[in-house]
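Everything below concerns the one structure shown next.
Values quoted throughout were computed directly from the atomic coordinates according to the rules given, and no laboratory measurement underlies them. Quick caveat, the model's predicted, so the values are computed rather than measured. FYI the Cβ positions are ideal-geometry reconstructions off the backbone, even for glycines, and counts take in every protein chain you see.
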Amino acid sequence: MSIFNKIKLVAVDVDGVLLTDTYSPAIRSFVEQHGGVYTPELERQVWGSPHIAGGHNMSLACKLPWSAQKTIEAFFQHHGKYIEENPIEVVPGTESFLGLLQEFNVRVTSYGGRTKEYIFDKHMPSLKKYFDKEKPYVDTNSIRPGVMEITKDIFHLDFDEVLFIDDINRMAEVARYYRTGFIGTPVTNYQKEQMQETGVKYIASSVADITRDMLIQIDQELVTEKHWL
């Protein structure tokens, strides 16, 4: 077994990290179909926000005469049609990556903005064995970004004992604030550019590119408080 000296939990985002990204293209098409302009700032304001906030910001961007709730409901109808043509799938290399994590003395959980039944149970049953038996998935819709809640309230750990893996820069910003471990797997150029501006040291094209050496290096950096410059 490979040994982490600091990391006790690896928390992995689901949408766009373990499962194919269906949200950023659906958000873009929804905004553009309703007369809005899709920009880096709008992506930041919508993507990864609590649903009601995302609905509010899309409504403003598109100048819709709808409430935040009606807008997000319309978006989820749009997203439902999008995934009929672009089904949600497990990202290639995910199982190998999760198998790599099992070689370490670490708990593994996942998180996302939909319910466990909708996302984890429906789309990831074959991966269930790789996750923590007590808390395999955390619904973060009402607690986004969720770094503090996952670390402190749910797993009762110190911030430098957790490694987050996410495709959204907002999570990188919060991880930096709390000095948690972080690997970025951005699926849009906007997010990659923003992560670089935030100072993320480890950016991978997907979880398939995360290596044992990378994980060990991050663990060592967390021990010496050098993960964030």
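For the pair residue 76 and residue 33, label points projected 7 Å from Cα toward Cβ lie 1.7 nm apart.
Considering only 98, 11, 77, the residue lying farthest towards the positive end of the dipole of the stretch 1-148 is 11, judged by Cα position with unit charges set on Cβ.
State to the nearest 20 debye the size of the charge dipole of the chain about its Cα centre, where the only charges are +1 on K and R beta carbons and -1 on D and E beta carbons.
300 debye
With a/c under 1.5 counting as rounded, go ahead and sort the stretch 70-110 into rounded, prolate or oblate using the C-alpha gyration tensor (a ≥ b ≥ c being the square roots of the eigenvalues; past the cut-off, prolate if a/b is larger than b/c, else oblate). Judged from the Cα gyration tensor, the stretch 70-110 comes out oblate (a/c at least 1.5, b/c at or above a/b). Relative to the longest principal axis of the Cα atoms of the chain, the long axis of helix 169-178 makes an angle of roughly 40 degrees.
Placing unit charges on the Cβ atoms of the charged side chains and taking the dipole of the stretch 56-210 about its Cα centre, the candidate lying farthest along the positive direction among 56, 87, 182 is 56. Taking a ≥ b ≥ c as the square roots of the eigenvalues of the alpha carbon gyration tensor, the stretch 79-229 is rounded, as a/c is under 1.5. For the chain, the longest principal axis of the alpha carbon atoms and the long axis of helix 212-224 meet at an angle near 80°.
In the chain, the longest principal axis of the Cα atoms and the axis of helix 189-198 are about 50 degrees apart.
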